[in-house]
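Notes to accompany the following structure.
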Amino acid sequence: MALSVNIEKKLGNFHLKAEFEVGSNTLSLLGASGCGKSMTLKSIAGIEKPDRGRIVLDGNVLFASEKKINLPPQKRKIGYLFQQYALFPSMTVEQNIACGIY
């Protein structure tokens, strides 16, 4: 499984810039609290939308700002486990449950 990430996201004074590629190896994101680890993972999963950049998984473009591609989480086939139990705040309970089924 190959993953290529080159994204930027600005939140207030915080500016996330993440750029990496990984093949079949295991990748770990390490850093201090608030450095952007969760935001990077949420962007890959499609829960957050980067301001610009590109995310490609196994040759499938999940996000590309220049081409206006932004697949929804359900079409990315990526699992994301929250650090704490949470629901997608923009969805109903029924939509949250259905998200896990499909």
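The values are calculated or read from the model by the stated rules, or taken from the named source; none is laboratory data. Keep in mind that what you see is a predicted model, and the values were worked out from it rather than measured. Every residue, glycine as well, gets a Cβ built from its backbone with ideal geometry; the counts of neighbours run over all protein chains shown. Accessible surface is based on the protein model in full, side chains and every heavy atom, while ligands, DNA and RNA are left aside. Shrake-Rupley method; radii C 1.70, N 1.55, O 1.52, S 1.80 Å.
Against the list (1) open to solvent by 40 Å² or more (accessible area, probe 1.4 Å); (2) touching a residue at least 24 places away in the same chain (Cβ under 8 Å); (3) farther than 28 Å from residue 101 by Cβ, the condition residue 18 fails is (1). State the number of residues belonging to segment 59-79 that are farther than 21 Å from residue 97 by Cβ and of a type outside the set (Val, Ile, Thr). Of the residues in that region, 10 qualify. Here the condition is being small (Gly, Ala, Ser), out of contact with any helix residue (DSSP H, G or I) (no Cβ under 8 Å at 6 or more places or on another chain) and farther than 25 Å from residue 95 by Cα; of 12, 31, 53, it holds for 12 alone.
Across segment 76-84, a minimum of one residue is classified as open to solvent by 70 Å² or more (accessible area, probe 1.4 Å) and hydrophobic (A, V, I, L, M, F, W, C).
For segment 1-15, filtering for residues that are over 20 Å from residue 63 (Cα atoms) and either surrounded by 10 or more Cβ atoms within 10 Å (Cβ to Cβ) or not small (Gly, Ala, Ser) (or both) leaves 2. Checking 56, 93, 22, 5 one by one, the residue that is β-branched (Val, Ile, Thr) and either touching a Lys or Arg at 6+ places or on another chain (Cβ under 7 Å) or at pLDDT below 85 (or both) is 93 and no other. The set of residues in segment 30-63 that are in a helix (DSSP H, G or I), open to solvent by 20 Å² or more (accessible area, probe 1.4 Å) and within 11 Å of residue 78 (Cβ to Cβ) comprises 41, 42. For segment 64-90, a residue qualifies if it is assigned to a loop (DSSP other than H, G, I, E, B) and modelled with pLDDT of 85 or more, and the qualifying residues are 68, 71, 72, 77, 78.
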